[in-house]
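The values are calculated or read from the model by the stated rules, or taken from the named source; none is laboratory data. Please read all numbers here as calculations on a predicted model, not as lab measurements. Cβ sites come from the backbone with ideal geometry, for glycine too, and all protein chains shown count toward neighbours. Please note that ligands, DNA and RNA were not included when accessible areas were found on the heavy atoms of the full protein model with its side chains. Shrake-Rupley method; radii C 1.70, N 1.55, O 1.52, S 1.80 Å.
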Amino acid sequence: MLPLSLNIAVMLIGYLLVMGYLALGLRTLRRHPAESWQPPRRLAPDAMRRGWLGLIRQVVGTAVGGYVLLMAVSVGYYRGVARVAPQFLASAFTGAATLIGITLPLFFIASWVVMAVRRRSAGATRR
């Protein structure tokens, strides 16, 4: 186990690197707004499928992407740094899958409410 001061230093350096990178990106966007990167038209939000199929695709894609990222970080840390037993990783995989299974319906309902509110406000401004 690492000393507390080293843990805090590593966490602080990581935080400062991430915040510095984000600040640099914002500064670049403000300095050259016309030259900022735009996604291809097929990936733009207007090109997404509308209706229930598009919403389901977006919610499931977000959940699966989050799960894969969580598992990559868990495996990287617990196998590479902490060196724990494989039973712990099996528990992490099943526990995170259970958590996503429980929260996915709530996330879907919240996404549906946000889309409905945006659709209504967009319809009100057109009138």
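Quick notes on this structure:
- Residue tally, condition open to solvent by 70 Å² or more (accessible area, probe 1.4 Å) and either in contact (Cβ under 8 Å) with a residue 24 or more places away in the chain or in contact with a strand residue (DSSP E or B) (Cβ under 7 Å, 6 or more places away or on another chain) (or both), over the stretch 100-114: 2
- All positions within the stretch 79-117 that are part of a helix (DSSP H, G or I) and over 21 Å from the mean Cα position of the chain (by Cα): 79, 80, 86, 87, 88, 89, 90, 91, 116, 117
- Meets criteria (surrounded by 10 or more Cβ atoms within 10 Å (Cβ to Cβ), modelled with pLDDT under 90 and more than 25 Å from residue 107 (Cα to Cα)) for residue 14: no
- Exactly one residue among 92, 97 is out of contact with any Leu (no Cβ under 6 Å at 6 or more places or on another chain), surrounded by 11 or more Cβ atoms within 10 Å (Cβ to Cβ) and under 20 Å from residue 56 (Cα atoms), and that residue is 97.
- Residue, modelled with the lowest pLDDT, within the stretch 100-127, restricted to residues that are more than 22 Å from residue 58 (Cα to Cα) and basic (Lys, Arg): 127
Let's see how each residue does on (1) modelled with pLDDT of 65 or more; (2) open to solvent by less than 100 Å² (accessible area, probe 1.4 Å); (3) more than 20 Å from the chain's Cα centre (by Cα):
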{"position": "35", "(1), (2), (3)": "no, no, yes"}
{"position": "52", "(1), (2), (3)": "yes, no, yes"}
{"position": "56", "(1), (2), (3)": "yes, yes, no"}
{"position": "62", "(1), (2), (3)": "yes, yes, no"}
{"position": "65", "(1), (2), (3)": "yes, yes, no"}
{"position": "72", "(1), (2), (3)": "yes, yes, no"}
